[in-house]
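Taken together, the values in this text are just the output of simple stated rules run on the coordinates, not laboratory data. A quick note: this is a predicted structure, and the numbers were derived from the prediction, not measured. Ideal geometry is used to build each Cβ from the backbone, glycine not excepted, and the neighbour counts take in all protein chains shown.
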């Protein structure tokens, strides 16, 4: 880009001095996320207000400077990698919870608020914000909105999109638009605020969000169940749903994942366990305890190896600790984890696990599967020996076959992480012809100069 230095110095003069950075350390720390790719920006803006976001975008749009919006930087698909340089616009410093209303069941928050911080804040008022990505202690509401984040509880409660009532968005030209509102129903015009949920920073920058809250369920109970095979676990899952029960979360993990977790935790409980299920129920204590008894009776018919029970926050958290160890345990293997958050219709779960097993046999690459089985969102992790050039090459072929197989089942190549850079190669397959064209028309309408998060799946 020609004359980028003088342009950036002009921008710096318009901003608070502590919000504009060009030091090497700042450029490096804002060059990527939790995926493998990175690229140095030319400058970083640490925005602390809507006014700064607006000024940056207006300036960048006028001069054709690429802008990569960034939240907490905990994404898994390279979504905030500034592949064309320019400016990284971070909203991580916008951390104010402006309002929590017990009467309206609404929270108004800035995008840099960490998800776990919001949840703890509203729960002290006996309110509930259900979306719970695994990285909730580190990821931010802005990033959750950009990727439409989910988590285990979306089985019962839905994903981030279902809790966004309104947004303040800064468009590519710097104009600030309030969309939606703070009512739980609103049919005034198009549902524009939800257009920005899952848009991966390519349509605008969220600077404030009105989020729907629920009453905090007064009681929780949880089961951790071991099975001798994944096929048995999936039959048990089908039986749970056939009974009419609706858990708040239902997770499954396969044998490779459990073997790694056993090694990390030293748990002899997992010996001989080839599939593990976590089921959580919530609601009024009397009804939860009654449903838990019914659930145990259903699962007993499948001859589980063990059933562990947890009651209340502490008891449930003890069982969830195993689930939280899975990613760390897989990293302990020394293999490189290619984490693919694919989704299939719930009735195709058995086919997905068979597909994963076939990839392992065919390509000689270990595959670890775990995740949100209740809604068909399974993290299929190719465990690659990165020092082995042959395995690296075979992993690309295996990913092709994985995504092709998932799409053939009526599934999706991503359920919560987004497309970003990591899945850009498979975008044409997932969004063929008219679907891709419609995305591009929306993008062109809102960002005609193409400055927002360029280089991702729309080019």
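Summary of computed values
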quantity	calculated
Burial ranking of peptide ranges 87-94, 45-52, 296-303 (average Cβ count within 10 Å, highest at the top)	87-94, 45-52, 296-303
Computed over segment 206-357, the ratio Rg/Rh where both radii use C-alpha atoms and Rh is Kirkwood	0.99
Principal axis box of segment 342-437, alpha-carbon based, largest edge first, Å	39, 30, 20
Per residue convex hull volume, Cα atoms of segment 4-90, in Å³	85 Å³
Segment 182-211 and segment 130-166: distance between their alpha carbon centers, rounded to Å	14 Å
Proxy reagent accessibility, fewest Cβ within 10 Å first, across 76, 129	76, 129
Segment 97-215 - Debye-derived log10 I(q)/I(0), Cα point model, q = 0.11 Å⁻¹	-0.31
Centroid-to-centroid separation of segment 307-339 and segment 254-294 [C-alpha atoms, Å]	10 Å
Per-residue Cβ neighbour rank within 10 angstrom, fewest leading, 141, 365, 413	365, 413, 141
Protection proxy ranking, peptides 77-86, 430-439, 31-40, average beta carbon neighbours within 10 Å, highest first	77-86, 31-40, 430-439
Crossing angle, helix 349-363 versus the chain [Cα axis fit, 0-90 degrees, rounded to tens]	80 degrees
Helix axis angle, 389-408 relative to the chain longest principal axis, alpha carbon, degrees	80 degrees
Dimensions (Å) - segment 309-380, Cα atoms, principal axes, largest first	44, 34, 17
For the chain, alpha-carbon Rg and Dmax in angstrom	22.7, 72
Residue-averaged 222 nm ellipticity for the chain, from DSSP H runs of 4+ at -39500 (n - 2.57), nearest 500	-11000 deg cm²/dmol
Computed Rg/Rh of segment 214-282, alpha carbon atoms with Kirkwood Rh	1.04
Ranked 65, 378, criterion: other C-beta atoms within 10 Å, fewest first	65, 378
Angle between the chain longest axis and helix 230-242 axis [Cα atoms, degrees, rounded to 10]	80 degrees
